[in-house]
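What follows is a set of notes on a single structure, which appears directly below.
The values are calculated or read from the model by the stated rules, or taken from the named source; none is laboratory data. Keep in mind that this is a model prediction, so the values were computed, not measured. Cβ placement follows ideal geometry from the backbone for every residue including glycine, while neighbour counts extend to all protein chains displayed. Note: accessible area is taken over every heavy atom of the protein model, side chains too, but ligands, DNA and RNA are not part of it. Shrake-Rupley method; radii C 1.70, N 1.55, O 1.52, S 1.80 Å.
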Amino acid sequence: MAERRTTRGRPRGFDRDEALRRALALFWERGYEATSVSDLTAAMGIRPASLYAAFGDKKSLFKEVVDAYGRLPAGTYMAAALREEPTARAAFARMLRDAAVHQSGTAAHPPGCLVITAATNVTAEDEEIAGFLRGMREANKVKFRDRLRAARDAGELPADADCDGLADYFAAVVQGMSQQARDGATEADLSRIADHAMNAWPA
């Protein structure tokens, strides 16, 4: 009689990239604070132990989600506009038009910007995450200021242009467009906001 072989059972694996994509979608939809670990494991199709083993804790998972978001078109359009357009005015106009496209909800992703949405209602206990997101928003404003100052130095803007104020203004517009999108604004609605915002460009 042939010897019967037995094999030791192995834990079922999972697609880490797909699990991360699902976590990204959930954080984007609900924000950081309103997304629990149980919500995440249900959406990702894994057990809590697998989440901790593969991604660390909720904070670590969220930071990896934000990093992945930063490689998507919705996370790269601002840098691309600032880098690729020949003039500052063209760069900011493109950035706002692209914001209208990427922040309007689609079948592929929720409305708004993940980084802006996730910052809503973060409690004092999660100051690390609040500071992390604040740092990202401040980094964008620094990029805005640098592009505007370079334009002023090149004569694209008047010598007395308030580059710091303009950077703050355009950051506020982008953040406001995200909230408008969350409240149901369409791409056309957001595009009108973008057009009006460019009327603030110094003559």
For the range 109-166 and the range 33-107, write down the distance between their C-alpha centroids in whole Å. 15
Given charges at beta-carbon only (K, R positive; D, E negative), |dipole| of the chain in Debye: 1000
Among Ala167, Gly155, Ala124, whose Cα lies farthest out toward the positive end of the dipole of the range 118-173, if unit charges sit on the beta carbon of Lys, Arg (+1) and Asp, Glu (-1)? Gly155
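Please report the carbon-and-sulfur percent of the accessible area for the chain; probe 1.4 Å, protein heavy atoms only, DNA, RNA and ligands left out.
Values: 5650 of 11440 Å².
Here carbon and sulfur together make up 49 percent of the probe-accessible area.
Ranked from highest to lowest mean number of other Cβ atoms within 10 Å per residue, what is the order of the peptides 189-200, 120-131, 25-36?
My ranking of the peptides, most packed first, is 25-36, 189-200, 120-131.
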Charge dipole of the chain built from unit charges on the beta carbon (Lys, Arg +1; Asp, Glu -1), centred at mean Cα; most positive-end Cα among Phe62, Met198, Leu82 is Phe62
Using packing as a proxy for protection, rank 88-100, 160-172 so that the peptide with the highest average count of other Cβ atoms within 10 Å comes first. 88-100, 160-172
Match the structure shown to one of the listed values (i) 21.4, 95; (ii) 15.4, 44; (iii) 21.1, 63 of Rg and Dmax of the Cα atoms in Å, computed from it, and give that label. (i)
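Rounded, prolate or oblate: which one fits the range 82-164, using the alpha carbon gyration tensor with axes a ≥ b ≥ c (rounded when a/c is under 1.5, else prolate when a/b beats b/c, else oblate)?
It is oblate, given that a/c is not under 1.5 and a/b is not larger than b/c.
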³J(HN,Hα), Karplus 6.51/-1.76/1.60, whole Hz, each residue of the range 82-89, x for Gly, Pro: 5, 7, 9, 7, x, 10, 5, 4
Amide H of Leu157 versus every other amide H placed in the peptide plane: which residues, excluding those fewer than 5 positions away on the same chain, fall under 5 Å? Arg152
So what is the calculated 222 nm ellipticity per residue for the chain, using -39500 (n - 2.57) for each DSSP H run with n of 4 or more, over all residues, to the nearest 500 deg cm²/dmol? -21000 deg cm²/dmol
Which of rounded, prolate, oblate describes the range 127-203, given a ≥ b ≥ c as roots of the alpha-carbon gyration tensor eigenvalues and a/c under 1.5 marking rounded, otherwise prolate only if a/b is larger than b/c? oblate
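Take peptides 176-182, 147-153 and line them up by average Cβ neighbours within 10 Å, highest first, as a rough protection proxy. The partial results should precede the final answer.
On the way: 176-182: 20.3, 147-153: 18.4.
For the peptides 176-182, 147-153, the packing ranking is 176-182, 147-153.
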